[in-house]
Structures are given as C-alpha cells and as structure tokens.
Amino acid sequence: MVTLKDIAAVCEVNYSTVSKALNGYTDISECTRKRIIDAALRMGYRTEGVQDAKERTWLMGIMILDDETLPLYQAVLLGIHACLTKRGYDMVLIHQAETGRGAPGGMGYLAKARHLGLEGVFILSGVDEQILFRTGRLRGIRDLLTGEIPVVVIDSTYRACRCVVPGYEEGVNELIKYIYGNGHRRVAFVHGDGADDNGVPERGGRWERTLFAALAANSREVSGDMVRCVRAGHMSEAYSAAAELIQSWHWLRPTCVLFTDDSLLKGGMAAIRDCGLRIPEDISVAALQFMAQREDEVLRVSSWRFDPVRIADAAVELMLAGAAGHRLHGNRVLTISGTFCPGNTVAKVSK
C-alpha cells in the first residue's frame, strides 16, 4: 500500500508538503502540487477522501507572544525543533501581526491553526494569564487555548492547557539565600513582566509575587525603591533601571542586583560598566539564566540556570500526549528544576 511517506521520498519533499498538496492547501507552489499529485496517481495512491480520512499533516505550530523575548527562548526553540524533527514533524511559526483577532482581512489564531492543519501549537510566553486576557492584542489566544487543537504553553501557567514552567520560585529562593549569605543587605531587583496595550509593564505580576514570596520565606524585606519592573527580555529597559538604581542611591547604592533573565542581565551589566563600576569589586550581580555561558568568559555569573533542552523535551512529550488524545483532567503543569552555579559575580562583604 502506497503511503504519503512513499510519495514524499519519490518527490524529494517533506511529508507535510505531500499532505498539503493532496488536501488542497494554498501555501505551496502550483508546480510542486502538480508534481506530487502526478506522482501519487502514478504510484496508485488513492487521493479521494483524503479530507474525510483526516490524513496527518505532521505540522506543529509555534508562537512567541512578545518578539522582544525571542533571544530568551532561542535555545528552547532550537530544542523543540530538534525534538520534533527526530519524530518526523515540521514546525511553522504563527506570527501575531498576521493572525491577530479582528485584524482587517486576518484570521484568528485558532482559524489559522486549522487552516494550516496544525496537529498542535507551542506557545512561548512570559505573560501572566491575567495580563494575557486583559491585553486586547492577545485576547485571540483564548480561542486557541480552549479549541480542539492541543496547546502546550512554555514559561507560564495557563489553566486551559498543558504547561511547562521552569522552577523560578526555587531558583529565586536559592539565589536570595546565597546573596544574603555572602553578607549583602542592600539588594536590588530588576525583574521582567508582561505589559499592557501601551507597552507599560504591569506591577503585581508573576515575578513580583515570586520575589516577595522568596524574601518572606527567608525573613528578608526590601524597600520598594530597590525593585524595578521592566518588560521581560527588554535589554534597554534593564539598562535604564540598573543605571537609575546606581545613580539614585549614590553611596547607598545596592551592593548586589538580581536580574530575572539573560537579556535583563546583559542590559544591567552594561549599565554597571558604563557607570564606571567593576563586577564584583564595586557591585555584585546574580541572575536566572536560560543560556549557557561560554567556558572562556572571564565572568561566570552567579546564577540559577535552566537547561533549555530539558524544557524542550518536556514540552514535546506533553504535546505528543495531547495529540494522541490523552484527555486533560484539571490543570497539568510540569515544573523543570534548574542548577545553582556559584560563579564569581557575587562578592563577600562584611556583615
């Protein structure tokens, strides 16, 4: 019996391209479509009733809710792609600008996913669920989350679907223990959260709750003046926040600053250097990180690090379980732990 994979091999195209050609999708060239159909007929493949038979497309979609956070998720994205490729899947990027709900002549996210024949959608999002549904440009995500296509959200907890989240609470707790254990008392925090329709980061989001919960668990308090909320992944905003913390306090400046992601760390370290300070001699830094540092870097950041490959593997396994029809009973959240790396950017200070 001739299969779609047999046709794909003869035509030297992907399995998904064959499926699209035989199911009438419009995002392949007419020349390719004709070549595939001719080959299918020549090989005796029964093309009729393909839609009724619901042939698999072997296509998975992926969405990033904020383009500015792409550098944060790049390693996870590559991990998902590698994992799916091993299983014979192709990956399609669903772009917000082209599929926003209510856009003139555009499709909603769910309609786009159906049109492409996606077997599942990965959503990489650092946006809090409450903020997600309050933000007009993202409300169309609701239909996708509650539709019939399996969805796995990475980096946030949404009640309507499966989720994979790094163990941020554990990471922040361990870093706070380490920082205060090295004698620091004037500790500042630069954290990234989701933004409203005007691009203003919303206070009281996931990161702010996580930070203050960790401080309370360690019997520590911090002044609100020592906390800066910026948009997740925005290096320039972290630069401004760090510079403001340093310049506003003068001799009472923080002795250590904790950043909640790689991009914020880069922006903050650039501001520290531009202010003429040395790390860690003049000021210490710590961070939560997704990206592995190069072994030849002089500064090894004191951090709690998450393995992007572990996160990607877990997300794919959850997705395949959903695509296989395993029903979701209640909220299913998989938390991926990280690893503490002492590094050399937190100095000891006299208590």
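The values are calculated or read from the model by the stated rules, or taken from the named source; none is laboratory data. Quick caveat: nothing in here was measured; it's all calculated off a predicted structure. For accessibility, only protein heavy atoms count, side chains too; no ligands or nucleic acids. Shrake-Rupley method; radii C 1.70, N 1.55, O 1.52, S 1.80 Å.
Amide H contacts under 5 Å for Ile154: Ile123, Leu124, Ser125, Val164, restricted to partners 5 or more places along the chain or on a different chain, H placed in the peptide plane at 1.01 Å from N. Of Glu237, Glu317, the residue with the largest accessible area leads and the full order is Glu317, Glu237 (1.4 Å probe). Close amide H pairs (under 5 Å, H built 1.01 Å from N) link Leu59 with Asp90, Glu119, residues at least 5 positions away or on another chain. Only protein heavy atoms count here; under a 1.4 Å probe, Ser263 has an accessible surface of about 10 Å².
Less than 5 angstrom separates the built amide H of Cys256 from those of Ala188, Ser284, all sequence-distant by 5 or more or on a different chain.
With all protein chains in place and ligands, DNA and RNA left out, the 1.4 Å accessible area ranks Lys112, Lys20, Lys34 as Lys34, Lys112, Lys20, largest first. Figure note: Asp66, Asp6, Asp128 ranked by solvent-accessible area, largest first, 1.4 Å probe, ligands and nucleic acids not counted: Asp6, Asp66, Asp128.
The figure for Cys275 is an accessible area of roughly 50 square angstrom, using a 1.4 Å probe on the protein chains alone. With the whole protein complex present, Thr339 retains an accessible surface near 80 Å², based on a 1.4 Å probe.
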